[in-house]
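A.B. asks: First, the structure itself, so that you have it in front of you.
The values are calculated or read from the model by the stated rules, or taken from the named source; none is laboratory data. As the structure is a computational prediction, the values presented were derived from the model and not from experiment. Please note: Cβ atoms are built from the backbone with ideal geometry, for glycine as well, and neighbour counts cover all protein chains shown.
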Amino acid sequence: MTNNFNSNSNSNNLKTIAYRDIIDLTHAIHPQIPIWPGDPAPEFEIVSEIDKNGYFLRKFSMGEHSGTHINAPNTFYPAGASVDSYAPQSLVLPGIAIDLREQCLANPDYTLTIDDILNWERQHKFIEPENLVLLYTGWQAKWHDERAFFNPDEGGVCHFPGFGRAATQFLLEERSIAGIGIDTHGVDPGQDESFAVNKMVLQQQRIVLENLANLHFLPAADFTLAIGILRLLGGCGSPVSVLAFVA
């Protein structure tokens, strides 16, 4: 049975999401999640208990780029948009998923290439404008082992896969995508400490999602992503809840 979610009540501009299943692409937040070197770890503190106060309440703190999260343009560009300025319409997008697990298993430094994109299109369909391109590297399986997740060498350089610069430029210029997402801690490969891909996408005010979960449940295409942000005033990012509505 198909369900429908109406995003606009105006019958003259009705938009509908048809779906069979909903997949949560979000990691749960707790103090032991993998944290980017130097970032603050999530902290939770009980401030009210049922026995003493009649209700349960905690406070928590964490970095804006921890857990499953979105990066905002002002991360790298002082005049760039902050996370609280995202229009609701920009957070509901069609998506596609490129499965590169085989390549990333063989080479942890693997980066998406233009050939990978064209091969995906030959197997599935042309990537239409305003799609959000997700990269399934298989790295999500390492989430509960911080060292394996970052995979640092003896010099402290991380080794995990990401989007290649040429491939990202191709997606932005030739396919007019809405943004990119990945199951690692960075859309840039671990070795690239310049954040070149992040900067390339955010300079164009597009979306960057990192630390996605459950990508193995997604089909290659035909799903819609709904990104729930925290509207942190002036924020350079936010933990997010990402739901995939699969047609």
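A.B. asks: I'm trying to understand the selection: among the residues of the stretch 199-247, which are among the small types (Gly, Ala, Ser) and under 19 Å from LEU100 (Cβ atoms)? Walk me through it before giving the result.
C.D. replies: At the first step, the residues of the stretch 199-247 found to be among the small types (Gly, Ala, Ser) are 213, 220-221, 226, 228, 234-235, 237-238, 241, 244, 247.
Across the stretch 199-247, the qualifying residues are ALA213, ALA220, ALA221, ALA244.
A quick yes/no check of all residues on (1) surrounded by 16 or more Cβ atoms within 10 Å (Cβ to Cβ); (2) out of contact with any Ser or Thr (no Cβ under 7 Å at 6 or more places or on another chain); (3) at pLDDT below 95; (4) not acidic (Asp, Glu):
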site	(1), (2), (3), (4)
GLY138	yes, yes, no, yes
LYS142	yes, yes, no, yes
ARG147	no, yes, no, yes
CYS158	yes, yes, no, yes
SER176	no, yes, no, yes
ILE229	yes, no, no, yes
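A.B. asks: Another one. Answer yes if at least one residue in the stretch 140-152 is in contact (Cβ under 8 Å) with a residue 40 or more places away in the chain and over 19 Å from ILE33 (Cα atoms), and no otherwise.
C.D. replies: Looking through the stretch 140-152, none of the residues is in contact (Cβ under 8 Å) with a residue 40 or more places away in the chain and over 19 Å from ILE33 (Cα atoms).
A.B. asks: Tally the residues that are among the hydrophobic types (A, V, I, L, M, F, W, C) and either over 30 Å from PHE60 (Cβ atoms) or modelled with pLDDT under 90 (or both), restricting the search to the stretch 1-35.
C.D. replies: 5
A.B. asks: Let me ask something else. What about GLN103, is it within 17 Å of SER176 (Cα to Cα) and polar (S, T, N, Q)?
C.D. replies: So GLN103 fails the test.
A.B. asks: Could you look through the stretch 104-125, keep only residues that are in contact (Cβ under 8 Å) with a residue 12 or more places away in the chain and part of a helix (DSSP H, G or I), and pick out the one that is surrounded by the fewest Cβ atoms within 10 Å (Cβ to Cβ)?
C.D. replies: Residue satisfying both the conditions and the ranking: GLN123.
A.B. asks: Give the stretch 161-186 a look and list any residue that's in a loop (DSSP other than H, G, I, E, B) and in contact with a helix residue (DSSP H, G or I) (Cβ under 6 Å, 6 or more places away or on another chain), or say none.
C.D. replies: Passing the criteria: PRO161, ILE177, ASP183, THR184.
A.B. asks: Of the conditions (1) in contact with a helix residue (DSSP H, G or I) (Cβ under 7 Å, 6 or more places away or on another chain); (2) not in a loop (DSSP other than H, G, I, E, B), ARG58 satisfies every one except a single condition; which number is it?
C.D. replies: Exception for ARG58: condition (1).
A.B. asks: Here is a further query. Please pick out the residue among PRO78, PRO88, PRO40 that is touching a Gly at 6+ places or on another chain (Cβ under 6 Å), without any contact (Cβ under 8 Å) to a residue 40 or more places away in the chain and loosely packed, with under 14 Cβ neighbours inside 10 Å.
C.D. replies: PRO40
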